[in-house]
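The values are calculated or read from the model by the stated rules, or taken from the named source; none is laboratory data. Please read all numbers here as calculations on a predicted model, not as lab measurements. Quick reminder, even Gly has a Cβ in these numbers, built from the backbone with ideal geometry, and neighbours come from all protein chains shown. What goes into the accessible areas is simple: the full protein's heavy atoms, side chains included, and nothing from ligands, DNA or RNA. Shrake-Rupley method; radii C 1.70, N 1.55, O 1.52, S 1.80 Å.
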Amino acid sequence: MIEIMLPLLLVLLASVFQGTFGLGMKYTKPLAWEAWWLIHVTIAMIVFPGIWAVMVVPDLVTVITNSPAQAIQEGALYGFLWGIGGIMFGVCVTYIGVALTMGIVMGLAALMGSLIPLVQIDNFSANPAIPFIIAGMVIMLVAVAIVAKAGINRDKVLAESGQEIAGIATGSAFKKGLSIAIACGILSSLLNVGFSATEAIGSSAEEAGALTRNTALARWVVVLLGAYAMNAGYALFLLFKNNSWSSFSTQNAAKAYKWAIIAGLLWFAALGVYGQGAALMGDIGPVIGWPMLLGLALIISTVIGIYTGEWQGAPGPFKTMVTGIVVLISAICLLGYSNSIEQQPVNTVDIYQPEINADLYNE
């Protein structure tokens, strides 16, 4: 039972980090956004992952350099492409608003980030857990759509009451925003695809003496190198374009520096702990764990939104949102159950092991 529950508990813990790291983004001032972002991604994608990996993976540099070149290249490439999706997210919001952007991006990221690793598994259709996984994905997409609809309705209610809401474009501009959001959602799934593509690096780490769950840290180091190249490159571009280097020495910026670091620690804590859970699940880990991570993170971020008063004055949309959360929880439970089905082949081998040992003893 512990082999089944521990990975799920790790994914649950990771979702707490994933759902809360964004709070730090409310405290970017007085730093320029690009200055804050460069500090944040350096902590989140280089410093914290590197230190953690060095601590738990023996001879990390040798493990990575001796790993198959294809795994290293694919992992870094997918991380770089994911970085493009992250930048596009902010563009989407200006066209179609936060709620619809979140719904489209999280829905597509959860779906594609699970389906791509799924079809790459050898003989995946023979796995008895597949029907439950597919059903869980479909239910999760429905739930995300309900939550997104609740967010859109909330914005309309608040706008009608005279409160200022981030504008939503109309006509061709709205269609453009939808297209960008769809592309963003697909690209945002590639972080998990990159993690799945680096399984060979995890195997090398395990051969070097790392615990199975800690092999994920070596894999993330490679994926996040590509992600950092994109994110840091974009921040540096803006620093030169806007001539905002002086922002780093702005007075009274200690709070912004603090939250850039805290948000970075929380962001990779989510990925690091999720990766540990996924590694313990085996080949099916990225397929099951990824949608669970995003779904649970959406629940947590919504609860934070309730606590901070984001749903006050919109009782109808609030009820819709609660319905979406209930549906989302059912999808997560189904995906969790599919992980227990995946363990059955291992138990079958264990059942026959005593017979094999008896035969050897008789000989």
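Got at least one residue in region 301-313 being surrounded by fewer than 24 Cβ atoms within 10 Å (Cβ to Cβ), polar (S, T, N, Q) and in contact with a helix residue (DSSP H, G or I) (Cβ under 6 Å, 6 or more places away or on another chain)? Yes, region 301-313 contains at least one residue that is surrounded by fewer than 24 Cβ atoms within 10 Å (Cβ to Cβ), polar (S, T, N, Q) and in contact with a helix residue (DSSP H, G or I) (Cβ under 6 Å, 6 or more places away or on another chain).
So is ILE134 open to solvent by less than 10 Å² (accessible area, probe 1.4 Å) and out of contact with any Cys (no Cβ under 9 Å at 6 or more places or on another chain) or not? Answer is no for this residue. Filtered by the rule that a residue be crowded, with 23+ Cβ neighbours inside 10 Å and not hydrophobic (A, V, I, L, M, F, W, C), region 220-232 gives GLY226, ASN231. Taken over region 175-209, the criterion of being of a type outside the set (Val, Ile, Thr) and open to solvent by less than 10 Å² (accessible area, probe 1.4 Å) is satisfied by GLY177, ALA181, CYS184, GLY185, SER189, LEU191, ASN192, GLY194, PHE195, GLY202, ALA205. A single member of LEU294, LEU266 is farther than 18 Å from VAL47 by Cα and either of a type in the set (Asp, Glu) or open to solvent by less than 60 Å² (accessible area, probe 1.4 Å) (or both), and it is LEU294.
Considering region 13-124, the qualifying helices (runs of 4 or more DSSP H), each wholly inside and each with 2 or more residues that are free of Cβ contacts under 8 Å to residues at least 12 places away in the same chain and open to solvent by 40 Å² or more (accessible area, probe 1.4 Å), run over 48-56, 60-65, 69-96. Whether any residue in region 142-151 is in contact with a Pro (Cβ under 6 Å, 6 or more places away or on another chain), more than 30 Å from GLY50 (Cα to Cα) and among the hydrophobic types (A, V, I, L, M, F, W, C) is what I want to check. Yes, that holds for at least one residue. Restricting region 169-206 to residues that are of a type in the set (D, E, K, R) and in contact (Cβ under 8 Å) with a residue 40 or more places away in the chain, the residue that is nearest to PRO117 (Cα to Cα) is GLU199.
Considering LEU217, LEU236, the condition of being open to solvent by 20 Å² or more (accessible area, probe 1.4 Å), modelled with pLDDT of 95 or more and over 19 Å from ALA109 (Cβ atoms) is satisfied by LEU236 alone.
In this entry, VAL142 passes the filter for residues that are part of a helix (DSSP H, G or I), farther than 22 Å from VAL222 by Cβ, open to solvent by 40 Å² or more (accessible area, probe 1.4 Å) and modelled with pLDDT of 85 or more.
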